[in-house]
Amino acid sequence: MRWDDPDLRWAYALLDNLPVPYVPTRRESLSLVFEALQLREGDVFADLGCGDGRVVAEAARRYPLSRALCVEARFDLVEKARETVEEAGVGDRVLVVRGDFFSVPLRGVTAVYMYLLTSINEALKPKLSRELPEGARVATLDFPVPGWRPVKTLGDPGWQRRVYLYVIGVSDR
Ligand SMILES: C[S@@+](CC[C@H](N)C(=O)[O-])C[C@H]1O[C@@H](n2cnc3c(N)ncnc32)[C@H](O)[C@@H]1O
């Protein structure tokens, strides 16, 4: 049986009780996210909990990323994200994975985006420190990574207006 067999929807529906709800990043906030991450040629970019795929699709459309990874637990959003990246014409460089971001391997990822919650950012810290290379950038919207020192804080206080930028090997030491 394939993981995306429609007969498995009932099982995936159980996953809908996730601690982080689906709230998409507004298009207006994307510039701030990209200003923080400074994506460049050769970057491998990942959005952990990528929703409808809008952030990875736009990142791959605007920048010469080598690859982008969209990790999402919700079956319906995974389907939507696949449509989004195809419509943006970046399906050859973006991999949409239905899975739990706590278990998807992140080795080789050089830039990460997370629009999650402070408690989930906290729980992801050991994985990010362990798997991301030194110098990898991690940008979070609205919610900081507790205990990590941001190298930059962009924007203003307010909903979807503040981005925290962290660098592995600097912020997490
Ligand atoms: C606030 S939304 C952000 C969506 C997208 N990153 C954006 O900015 O438009 C958080 C997303 O994380 C997903 N999510 C929550 N827990 C997850 C997990 N353990 N693994 C993968 N995705 C998860 C939710 O389904 C939701 O789509």
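The values are calculated or read from the model by the stated rules, or taken from the named source; none is laboratory data. The model shown is predicted, which means the values in this text are computed figures rather than measured ones. Every residue, glycine as well, gets a Cβ built from its backbone with ideal geometry; the counts of neighbours run over all protein chains shown.
Annotations
- Among the residues of the range 57-80, the one identified as touching a strand residue (DSSP E or B) at 6+ places or on another chain (Cβ under 6 Å) and within 16 Å of residue 26 (Cβ to Cβ) is 59.
- Hits in the range 129-141 (condition: touching a helix residue (DSSP H, G or I) at 6+ places or on another chain (Cβ under 9 Å) and of a type outside the set (S, T, N, Q)): 136, 137, 138, 139, 141
- Every residue from the range 104-133 that is farther than 17 Å from residue 51 by Cα and assigned to a loop (DSSP other than H, G, I, E, B): 105, 106, 107, 108, 109, 110, 132, 133
- Verdict on residue 40 being in a helix (DSSP H, G or I), farther than 13 Å from residue 115 by Cα and modelled with pLDDT of 95 or more: no
- Sole residue being surrounded by 20 or more Cβ atoms within 10 Å (Cβ to Cβ) and at negative phi, chosen from 104, 20, 56, 97: 56
- Looking only at residues of the range 87-107 that are over 21 Å from residue 33 (Cβ atoms) and at pLDDT 95 or above, we find that the one that is farthest from the ligand (Cβ to nearest atom) is 92.
- Here residue 115 clears all of (1) within 12 Å of the ligand (Cβ to nearest atom); (2) out of contact with any Asp or Glu (no Cβ under 9 Å at 6 or more places or on another chain); (3) within 20 Å of residue 32 (Cα to Cα) except the condition numbered (2).
- Residues of the range 67-86 include at least one that is near the ligand (Cβ under 9 Å from one of its atoms), among the acidic types (Asp, Glu), outside any helix (DSSP H, G or I) and under 27 Å from residue 158 (Cβ atoms).
- Scanning the range 43-64 for residues that are within 16 Å of the ligand (Cβ to nearest atom), at pLDDT below 95 and either within 16 Å of the chain's Cα centre (by Cα) or of a type in the set (A, V, I, L, M, F, W, C) (or both) turns up nothing.
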